[in-house]
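Each remark here refers to the structure printed beneath this line.
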Amino acid sequence: MKHPKTTLSALTAAALLALGAAASAQTARIANQGDALSLDPHSLNESLQLTITGNAYEPLVDLDPKLNVVPGLATSWKQTSDTVWRFELRKGVKFHDGTPFTADDVVFTMGRVAGEGSDMKAYVNDFKEVRKIDSHTIEIETKTPLAILPQILTQVMVMSKKWCEENKAERPVDRRKGVENTASFKTNGTGPFHVRERQPNVRTVFVRNPNYWGKVPGNVQEVVFTPIAAPATRVAALLSGQVDVMEPVPVQDIDRVNKNAGTRVLTGPELRTIFLGMDQKRDELLFSSVKGKNPFKDVRVRKAFYQAIDIAGIHKTVMRGASRPTALMIGPGNNGWTDAQDKRLPYDTEAAKKLLADAGYPNGFEVTMNCPNDRYVNDAQICQAVAANLARIGVKINLQAETKGTYFPKILRRDTSFYMLGWTPSTYDAHNALNALMRCPDDKTGAGQFNLGSYCNPKLDELTVKIGSETDKAKRDAMIKEAFQIHIDDVGHLPLHQQTLAWGVSKKVEISPRADNYMPFKWISIK
């Protein structure tokens with residue numbers, strides 16, 4: 001049996017050779033540090049997964065390159081009452097297999113998203129009913145007024161009811177349980193591309209949908225997507241011309257890529273916030289030296305961890321300046337963010353030691369920390385730095401860094417005591433982060449679906465519901481501020497930073513990064 005590293009290297013080499021053979025005037029060769037874990041658009045609420053599947057599937061409401069809301073599979077929408085929205089659906093649209101797109105597909109999709117196995121429940125947890133009015137009109141009734149419903153729907157991709165039923169894919173692929181179905185390996189959407197070839201963790205080939213209903217601004221006819229985990233190999237592939245686009249560019253290689261004659265780096269602020277979470281629900285942590293109690297239930301311990309983290313050191317040494325330290329779970333560019341609240345607690349090792357001692361842990365304790373090593377910019381190195389910081393206050397971290405393919409299913413089961421996660425509010429509004437990351441978890445409704453440490457404050461929950469329905473901006477912003485202050489005072493999570501977006505591209509490629517780090521293939525042109 002081959003060593004895993006040898007096998008991976010062989011797969012990468014084979015994929016790169018195939019990339020060279022695939023090159024043509026209208027083929028875009030794209031590399032990323034990771035791969036989509038499934039082609040099912042409802043199986044994992046992760047931006048890389050959603051940007052890949054979003055080339056084959058489409059939402060009712062879409063986003064343009066500047067993140068403005070634009071018509072997608074719905075041509076128009078309006079509120080007919082405080083809690084009812086009516087959507088007129090686009091006519092003449094067909095799925096890749098030729099099946100006409102109708103209201104039945106939308107009603108089916110919303111039920112699938114709300115159902116067992118879905119990782120997208122948080123987007124529809126405020127829905128009371130989705131009903132068909134006629135073949136190309138649907139209504140969505142919400143439990144309370146929901147002013148940002150169109151923005152929420154930009155992440156909900158529509159699937160074919162007929163195709164899902166014929167392929168026994170009525171339920172989403174459940175990554176937590178390792179459940180697969182046809183939707184994991186094949187696509188049948190309405191989007192501008194469909195998948196011709198799928199080799200998980202090796203390469204995925206997309207080809208243009210010849211019957212696409214809309215205009216495609218770019219000229220790319222084929223996209224070869226290749227995961228290349230090793231940063232040095234990914235950079236070398238770009239510099240040698242084996243790939244046309246790759247991301248992320250390691251922060252230490254940005255200058256090198258810019259100095260190369262045929263390549264450049266496109267950089268900009270990203271809306272994603274990287275943070276750490278702690279199990280605050282179990283009476284005893286799963287992975288800790290402390291027995292009979294859970295130290296993370298004590299706010300003094302959480303605050304000690306926060307103040308022990310040298311965020312300036314991480315910004316300078318690990319991120320090489322390509323990050324923005326944060327005290328909030330959202331950053332600039334998201335509605336509800338304010339500079340006044342975005343002030344971190346001071347880095348203070350002595351204060352952290354005292355907090356631990358006051359909480360009954362004068363000698364610290366031991367705990368396992370789960371981190372991905374191929375998802376966020378320098379993710380494993382950040383966790384190593386945090387572990388070193390915490391060692392100074394007597395906390396021994398057993399660091400488990402692993403590929404996102406095993407990492408996400410584990411932490412999504414809440415099989416963790418201390419973990420890293422990154423989050424981009426898909427609506428570019430504070431309500432998204434409050435609802436998904438900070439509300440008390442409710443598996444039935446999807447509220448708090450990504451609050452993996454089960455932080456819970458009923459007052460924050462109450463405010464989050466009100467924020468979702470409030471239409472007066474001043475009142476709404478005041479409630480957002482209050483909710484964030486509750487979370488800050490509780491030290492509900494340990495926010496770290498917003499990472500900087502960095503795409504490496506060939507100078508023959510025309511592409512503009514979106515602030516949410518999504519990469520719609522239809523906007524790519526090859527000179």
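Using the crude model of +1 on Lys and Arg Cβ and -1 on Asp and Glu Cβ, and no other charge, please compute the dipole size for the range 475-527 relative to its Cα centre, in debye to 20. Don't jump to the answer; show the numbers that get you there.
Values: 8 positive and 6 negative charges, 116 e Å.
The calculation lands at about 560 debye.
For a quick check: with amide H placed at 1.01 Å from N, whose amide H comes under 5 Å from residue 497's, ignoring anything fewer than 5 positions away on the same chain?
Here the answer is 274, 326, since their amide H atoms fall under 5 Å of that of residue 497.
In whole Hz, with x marking every Gly and Pro, tabulate ³J(HN,Hα) for the range 142-153 from phi via Karplus 6.51 cos²θ - 1.76 cosθ + 1.60, θ = phi - 60°.
Per residue, the Karplus-derived 3J(HN,Hα) values read 9, 5, 9, x, 9, 5, 9, 3, x, 5, 4, 6 Hz.
Between the alpha-carbon centers of the range 462-527 and the range 273-325, tell me the distance in whole angstrom.
After rounding, the separation between the Cα centres reads 22 Å.
Could you give the nm distance between label points at residue 283 and residue 388, where each point is 7 Å from its Cα heading toward the beta carbon?
In this crude spin-label approximation the distance works out to 4.0 nm.
Could you list which residues have their amide H under 5 Å from that of residue 502, counting only those 5 or more apart in sequence or on another chain, with H placed in the peptide plane?
Here 249 satisfy the definition.
What is the gain in length, in nm to one decimal, between residue 128 and residue 143 on full extension, counting 0.36 nm per residue of separation less the C-alpha to C-alpha distance? The partial results should precede the final answer.
Numbers: separation 15, 0.36 × 15 = 5.40 nm, distance 0.52 nm.
That pair, residue 128 and residue 143, stretches by 4.9 nm at full extension.
Compute the label zone of residue 170 within the range 116-133: residues whose backbone N is under 16 Å from the point 7 Å along Cα-to-Cβ.
Once the point is set 7 Å along Cα→Cβ of residue 170, 116-118 turn out to lie under 16 Å by backbone N, inside the range 116-133.
Using every pair of alpha-carbon atoms in the range 379-471, split the distances into 10 Å bins beginning at 0 and state the percent of pairs per bin, rounded to integers.
14, 37, 31, 15, 2
Charges on Cβ only, +1 for Lys and Arg, -1 for Asp and Glu, centred on the Cα centroid of the range 244-361; of 290, 346, 254, which one is farthest towards the dipole's positive end?
290
Which Cα, out of 267, 332, 217, lies furthest along the positive dipole direction of the range 195-346 (beta carbon charges, K/R +1, D/E -1)?
The one lying farthest along the dipole's positive direction is 332.
Once R0 is set to 45 Å, what does the formula 1/(1 + (r/R0)^6) return for the Cβ-Cβ distance between residue 219 and residue 84, expressed as a FRET efficiency to the nearest 0.05?
0.60
Determine the share of the chain's accessible area contributed by carbon and sulfur atoms, expressed in whole percent, with a 1.4 angstrom probe.
51
Kindly flag which residue pairs out of 343/473; 121/168; 404/507; 291/466 have an alpha-carbon separation exceeding 29 Å in this structure.
On the way: 343/473 23 Å; 121/168 20 Å; 404/507 31 Å; 291/466 39 Å.
Listed pairs above 29 Å: 404/507; 291/466.
Kindly write out, for the range 189-201 in residue order, the coupling ³J(HN,Hα) from the Karplus curve 6.51 cos²θ - 1.76 cosθ + 1.60 (θ = phi - 60°), rounded to whole Hz, with x marking Gly and Pro.
Computed from phi, the couplings for the range 189-201 are x, 10, x, x, 9, 9, 7, 8, 9, 9, 10, x, 6 Hz.
Could you tally the net charge around residue 200, taking each other residue with its Cβ under 13 Å from the Cβ of residue 200, Lys/Arg +1 and Asp/Glu -1?
Details: positive: 175, 186, 198, 203, 404; negative: 35, 40, 180, 197.
Around residue 200, the surrounding residues sum to +1.
Want the number for residue 299 to residue 474: 0.36 nm per residue separation, take away the alpha-carbon distance, what's left?
Numbers: separation 175, 0.36 × 175 = 63.00 nm, distance 3.09 nm.
Extra length available between residue 299 and residue 474 comes to 59.9 nm.
Helix-derived [θ] at 222 nm for the chain: sum -39500 (n - 2.57) over DSSP H runs of at least 4, divide by residue count, nearest 500? Before the final figure, lay out each step's value.
On the way: 14 runs with 139 residues, N = 527.
Using -39500 (n - 2.57) per qualifying helix, the result is -7500 deg cm²/dmol.
Which value, in Å² rounded to 10, gives the accessible area of residue 358 with a 1.4 Å probe and all protein chains present?
Accessible area of residue 358: about 80 Å².
HN-Hα J couplings of the range 119-136 from phi, Karplus 6.51/-1.76/1.60, θ = phi - 60°, integer Hz, Gly and Pro as x?
So the Karplus estimates, Gly and Pro as x, are 9, 10, 4, 4, 6, 10, 5, 9, 7, 9, 7, 10, 10, 8, 8, 8, 4, 9 Hz.
Of the listed values (i) 142; (ii) 156; (iii) 389, identify the label whose number matches volume of the Cα convex hull per residue in Å³ calculated from this model.
Computed from the coordinates, volume of the Cα convex hull per residue in Å³ corresponds to (i).
How charged is the neighbourhood of residue 383? Take every other residue with its Cβ under 12 Å from the Cβ of residue 383, and add Lys/Arg as +1 and Asp/Glu as -1. Write out the running numbers ahead of the final one.
Values: positive: 375; negative: 379, 402.
With Lys, Arg at +1 and Asp, Glu at -1, the neighbours total -1.
Specify the inter-centroid distance of the range 199-222 and the range 419-457, based on alpha-carbon positions, in whole Å.
32
With charges set only on the Cβ (+1 for Lys and Arg, -1 for Asp and Glu), what does the dipole of the chain come to about its Cα centre, in debye to the nearest 20? Provide the component values of the computation, followed by the final result.
Working: 68 positive and 58 negative charges, 196 e Å.
About 940 debye.
Could you give the distance between the Cα centres of the range 371-411 and the range 64-129, to the whole Å?
A separation of 37 Å, based on Cα centres.
Just to confirm, what accessible area per residue do you get for the chain at 1.4 Å probe, in whole Å²? The partial results should precede the final answer.
On the way: 20260 Å² over 527 residues.
Roughly 38 Å² per residue, with all protein chains present.
Skipping prolines and chain starts, which residues have an amide H placed within reach, meaning under 5 Å, of the one on residue 366, given they are 5 or more residues away or on another chain?
289, 290, 396
The values are calculated or read from the model by the stated rules, or taken from the named source; none is laboratory data. This is a predicted model, so every value here is computed, not measured. Cβ atoms come from the backbone with ideal geometry, glycine included; neighbour counts cover every protein chain shown. Keep in mind that these areas ignore ligands, DNA and RNA; they rest on the heavy atoms of the full protein, side chains included. Shrake-Rupley method; radii C 1.70, N 1.55, O 1.52, S 1.80 Å.
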